[in-house]
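Read the figures in this text as sums done on the coordinates, not as results from a lab. In this text the structure is predicted, and so the values were computed from the model without any measurement. Here the Cβ is made from the backbone with ideal geometry for all residues, glycine too, and neighbour counts use every protein chain on show.
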Amino acid sequence: MPFLSPHLPFPPTYRATRNRALTLVEILVVIGLMTLLLGMGVASYIAMAKNYKEEGAISQLDVMLRQVRNSSIGSQSPAWVQIDSENHRITPWATRTMALWHFEDVDDFNRTTGSRHSAVIRGGKSDKNGKIGKCVRLAPGSYIDGGNDPDFDLDDGGYIEAYIRPLSADFTGDNFIFSKDGAYALKIGRKGVLIGEVAGNGKTHLTKVFSKTYKIVPGRWTKVAFAWDRNVTRVLADDLVLATGPGAVPPINSNSFCVGHESSSFEGLVDEVRVQSAIGGSVLEVPSVVTITHNTAPWNAIYFAGDGGLDKRFHSGPIKITMESEGRIRGLAVDLIGTTSRIELKKKGDSEEPEETPEDPKSKPKAVSK
């Protein structure tokens with residue numbers, strides 16, 4: 001091929017190739033290829049983003065369970081994680097002590113100090129025969145006034161407990177153990193039945209739960225408790241759940257919290273009164289395409305005791321929570337001491353089952369999906 005001078009014109013064949021335009025078919029082919037590649041990329045991105053959200057949800061739940069367990073250990077108080085499968089919301093809850101009265105110190109004005117709040121004994125008397133040290137003797141018309149501080153509203157949830165020793169078997173009428181008029185109360189009904197009540201707040205009706213067979217025995221100390229949150233209401237005696245009801249939200253008012261009642265207290269001794277308020281944390285919003293399955297019915301919550309283990313009043317065995325989307329399953333197991341472990345992933349139809357924390361198959365609860 002002869003040498004081409006830069007001053008000479010290009011050969012005709014080269015000049016034609018350089019000026020040649022793309023045909024319509026070629027343009028359509030290029031557009032088609034670009035569209036195909038773009039579609040594959042978008043689909044892959046959507047799948048990755050969806051997988052990230054689902055994996056993120058189970059990871060966040062793992063972190064939440066660990067934090068709630070640590071909270072229960074740090075405060076030595078109950079804590080729980082509420083699972084709302086229907087609305088795809090998981091909420092952590094901790095408890096904070098609002099008042100704790102031992103009644104060991106009663107001054108000349110019948111005032112006793114305690115954790116966060118003092119109280120005034122109105123009509124009752126200090127008694128040395130308490131469950132632990134001294135206590136207060138109540139009679140109809142006498143009560144312990146804790147004041148009307150907003151700490152006692154307990155509208156997000158409450159847990160109130162006390163040791164009582166009734167001195168009379170005459171349980172006619174109302175025999176209040178503690179009360180906040182127009183909000184909530186625990187009392188002894190006819191034949192010694194425990195009755196817990198939470199007043200309606202305009203959106204809900206009165207919530208009332210009572211022990212159908214258990215009865216308070218006069219002359220002996222009994223640890224009684226009334227607890228509620230937006231998920232479930234419970235009456236307890238000696239750390240046993242006697243009765244449950246729907247969740248409740250008591251109305252906020254300016255009435256005082258009382259041990260007993262100014263007109264209808266039970267007749268007997270009371271000691272070691274504890275008032276705790278529920279405090280909610282940040283809600284975990286689970287993607288709506290994810291199906292949440294768990295075996296925490298009927299509570300629909302995972303309860304931790306003050307030592308960090310699963311609360312045996314609510315759980316008799318390990319807990320399993322799974323999140324499923326398009327056949328992909330991710331899960332967590334919580335053993336009796338409260339520690340969590342991840343469940344291996346699998347797809348529907350796979351022969352291999354997910355590996356879990358080893359447990360006795362006879363004691364393994366059946367998973368319940370809400």
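When the Cα positions of GLY173, SER211, GLY260 are compared along the charge dipole of segment 94-280, SER211 comes out farthest toward the positive end, with charges on each C-beta of Lys, Arg, Asp and Glu. In this Cβ point-charge picture (+1 for Lys and Arg, -1 for Asp and Glu), segment 145-225 has a dipole of about 740 debye about its Cα centre.
Measuring r between the beta carbons of ASN148 and LYS312 and using R0 = 41 Å, the FRET efficiency lands at 0.70. For segment 323-342 versus segment 165-180, the spacing of their alpha-carbon centroids is 45 Å. In this Cβ point-charge picture (+1 for Lys and Arg, -1 for Asp and Glu), segment 94-280 has a dipole of about 620 debye about its Cα centre. Note on segment 94-280: Lys pairs 8 or more places apart or on different chains, Cα atoms under 20 Å apart, count 20. Each Cα pair under 8 Å and six or more residues apart adds its separation to the average, and for segment 94-280 the resulting relative contact order is 33 percent. Compute the FRET efficiency between SER115 and ASP156 as 1/(1 + (r/R0)^6), taking r as their Cβ-Cβ distance and R0 = 25 Å, and round to the nearest 0.05. My answer for the efficiency is 0.80.
Annotation for ASN255 and LYS212: the two label points, set 7 Å from Cα along the Cα-Cβ direction, are 2.9 nm apart. Model label sites at GLN60 and LEU167, defined 7 Å from Cα along the beta-carbon direction, differ in position by 5.6 nm. Label ASP127 and ASN87 with points 7 Å out from Cα along Cα→Cβ: what is the distance between them in nm? About 4.4 nm, to one decimal.
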